[in-house]
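The values are calculated or read from the model by the stated rules, or taken from the named source; none is laboratory data. Source: prediction; values computed, not measured. Cβ sites come from the backbone with ideal geometry, for glycine too, and all protein chains shown count toward neighbours.
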Amino acid sequence: MKKTKAYWLFLLPSLLGVLLFYTIPFLFSLYYALVDNMGSQSFVGLRNFTDTLQNSLFQSAAVNTAVFVGLSVPLSMALSLFLSLCLQGMKRGRVLATMLLLLPLVVPSGTIVYFWKVLFDSNGLLQKMLLQLGFNHEAVAQNGWAMGVLVAVFLWKNVSYNIVLFWSGLNWIPKTYYEQMALEGAGKWKQFTNVTWIYLSPTTFVVLLMSIVNSFKVFKEVYMLYGAYPSPDIYMLQHYMNNQFLSLNMQKLSSAAYILFLVIGIVLLIVFYAQKRVTDAYQ
Amino acid sequence: MQKKRIMPNIIIGIAAVVAVFPIVFIFANSFMGGAEIVSRYSAEVMESNAGDFTSHGIHFVRFGLLPESVTLEQYKQLLLESPGYLRMFWNSVLLVLPVLLGQCVLAPLAAYGLENIQWKYKEAIFFMYIIVMLMPTQILLVPNFIVAGWLNIRESYLAIILPALFHPLGVFLIRQQLKSFPKECMEAAALDGAGAWRTYWYIVRPNLSSVVAALVVLLFADNWNIVDQAVVFIKNTYDNPLSVYLGNVVTGDPGMFFAVSVFYLIPALLVFLLGQDYLTEGIALSSVKS
């Protein structure tokens, strides 16, 4: 009994830190979300939550965030699965290729921002090429593709994370399964659907989980490209939250944080349990 | 058959070029003079770029990798005449180093402790770590902000450094690694009379160096690119880390952007080159969920 007590001392510094800096104040912020203001602090029930949900800025931010996640997660997963399969098909140069693909992951978002502007700004290379191809100025100048730019920029930086995940999942699949299929005369596509896709599915859920989590990191890119006040079609929940920090509105801030926490928590739990079921089914 | 073998190489080749090209662009353009950068990329039509493609009075970029005249002027200006940039580079160092050092000490200890504690609900503690780890920065900033108020450190870097020091990523990664560590080794050490501390120091710790290296690369990549926390906590422009201020350089001092960027990129590239193998390992480890 005494022996295991010593181990608590190892954990304690970290545990106290997590409790003090994350868990306790987060629980405490629920209190802020339930009172009317920092002065009188009288309870108002769920009014802050309904106010937040009805706030038009919050609504459009939530929609934009959902659109971004809905676009970037499947695209990133499809692209990384495809590229990791290509990596597997390579005979030589795999180490160098992986290294080059991983490079964007460590590149600070800000250092590359001018490149994206040169490419995508209203006087950028893309618009220039469209104009030279004969599209008219008004159609090109319409600023409807800011979201597309964000998705592209985000994919460039983060896709390799998923490639590594898929890659390590692919290496878990025994080569003999493929040999068996090849002996039975199955083509590449059949091998993919009958072996790769099935045995990769636990990994796929992990990639889905991490993609959802990582997709919120896009704020760095949006902020570096467009600053604190971007155009309304790419105004994200992260901007909404940041503006509440600046105005020190603890009620709006805490209630928004809890709403976001619940939504993300539920989505992650669903993915997590789906993954567990699939993993159990194949073991 | 021959064709099938070549396709993956071509596709990966294209992907690798896409991945690397923006970085090459930044490096190549850093040898341009400030005036050339402005005349190439500005939306404004001016004397020096009047020959370029324009439409409706807007000058469109003249994209290029090779400077018309190669110069080190921008670097000279950055290193000798721009204390502001150097100071913000130093701010980044001040924000990253304590986090790296602290995590490298605290996380292995905590993971080792957690792995060996015999308590019914210890997985609940680990679950809490995982939840915190998975939440987006904007949610975590709320508790960080509240504590910073309690401790009265909202105006200081500590408001950013302290929470980052305790971010659960490190404990999570190292515990994943420890799960595959042979229990017999630890038990053998205990039989020889080694206490928890001696077992940690002589048996466990030496075997953690590669996962700690992986952690360092992941933490460096994240914290050298710090934006969200700085936007909330840092009020004075010159107290910002360079990762945030680079956004202002594009509009405020475009001629200097590429040199400043390369200057800020170099530490990240060095860490990447040194720890590249570990980075792959760290990402793969982070995926072992259940």
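Quick notes on this structure:
- Verdict on A:Leu105 being touching a residue at least 60 places away in the same chain (Cβ under 8 Å), among the hydrophobic types (A, V, I, L, M, F, W, C) and out of contact with any Gly (no Cβ under 8 Å at 6 or more places or on another chain): no
- Every residue from the range B:103-116 that is over 15 Å from A:Val18 (Cβ atoms) and within 7 Å of chain A (Cβ to nearest Cβ): B:Tyr112, B:Asn116
- Of the residues making up the range B:221-239, none is of a type outside the set (Gly, Ala, Ser), part of a helix (DSSP H, G or I), at pLDDT 90 or above and under 17 Å from A:Met99 (Cα atoms).
- For the range B:107-124, the candidate set comprises residues that are of a type in the set (A, V, I, L, M, F, W, C) and surrounded by 19 or more Cβ atoms within 10 Å (Cβ to Cβ); within that set, the residue that is nearest to the chain's Cα centre (by Cα) is B:Ala107.
- Residue within the range B:232-246 that is out of contact with any Ser or Thr (no Cβ under 6 Å at 6 or more places or on another chain), facing chain A (nearest Cβ under 10 Å), buried (at least 20 other Cβ atoms within 10 Å of the Cβ) and closer than 30 Å to B:Tyr112 by Cβ present: no
- Residue match in the range A:171-187 (condition: touching a Ser or Thr at 6+ places or on another chain (Cβ under 7 Å), assigned to a helix (DSSP H, G or I) and not β-branched (Val, Ile, Thr)): no
- Meets criteria (over 22 Å from the mean Cα position of the chain (by Cα), in a helix (DSSP H, G or I), among the acidic types (Asp, Glu) and more than 8 Å from chain A (Cβ to nearest Cβ)) for B:Glu187: yes
- Inspection of the range A:199-216 identifies at least one residue that is touching a helix residue (DSSP H, G or I) at 6+ places or on another chain (Cβ under 8 Å), under 30 Å from B:Pro254 (Cβ atoms), within 9 Å of chain B (Cβ to nearest Cβ) and outside any helix (DSSP H, G or I).
- A:Leu155 being away from chain B (no Cβ under 14 Å) and in contact with a Leu (Cβ under 9 Å, 6 or more places away or on another chain): no
- Answer residue from the range B:117-150, given it is of a type in the set (Ser, Thr, Tyr) and within 9 Å of chain A (Cβ to nearest Cβ) and is nearest to B:Ala189 (Cα to Cα) among those: B:Tyr129
- All conditions in (1) free of Cβ contacts under 8 Å to residues at least 60 places away in the same chain; (2) part of a helix (DSSP H, G or I) hold for A:Asp51, with the sole exception of (1).
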